[in-house]
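Where a number appears in this text, it was derived from the coordinates with a stated rule and is not lab data. The structure presented is a predicted model; accordingly, all values stated were derived computationally and were not measured.
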Ligand code: SF4
């Protein structure tokens, strides 16, 4: 997610400090709300629309008229619902946390999550993304891409819940590598391991028997093909010697 956001922000002449926006809990959660059920490109455009019109702070967005927030985030889809969520969220941060989420994200991981998901519009994945980028918690947020890839790679069982997928990945990925792993697994899911028609033939992790389920057949046939070609080449070579 961050790579797309960073890329769009870099090419847009907003003067925004990209890291600052993603590493500040309130701004990160606003980006999170805008990204729900929308691709990163559109949600980032919506965020830029918001930045151009309002100060991205609890006070700034609590004061902003909902109709104007709606207008500002139109490019991101579901703007009616999201404008409502943004207003409610900004008001709740003001009322419950006096406009400052830094003490929340610095709580122990489970407590911080519990507090964040009490806020309107914030689900477990949005809370985890915030903790991954804005706190010292080493956590892997699980989006639909990561969920799918983890199951196909047999890193967890096929019916695993959000928490089970997360625990399985965190067992094998050292804490310092988790943000990178999160970003790379999303990329793998989007670029190769798509929900429909995964590109097993060109997938960089196309390792024999690595993937399970319906894709194993495709994967195995591609591996077998490569093996056959390899054997043929070896035969050719031994004939020529
Ligand atoms: S080989 Fe296929 S099923 Fe396995 S991770 Fe790659 S795209 Fe997904």
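For the range 89-175, what is the convex hull volume of the alpha-carbon atoms per residue, in Å³?
91
For the range 19-140, report the convex hull volume of the alpha-carbon atoms normalised per residue, in Å³, without decimals. List each step's numbers first, then the result.
Values: hull volume 11.0 nm³, N = 122.
Hull volume over Cα atoms, normalised by residue count, gives 90 Å³.
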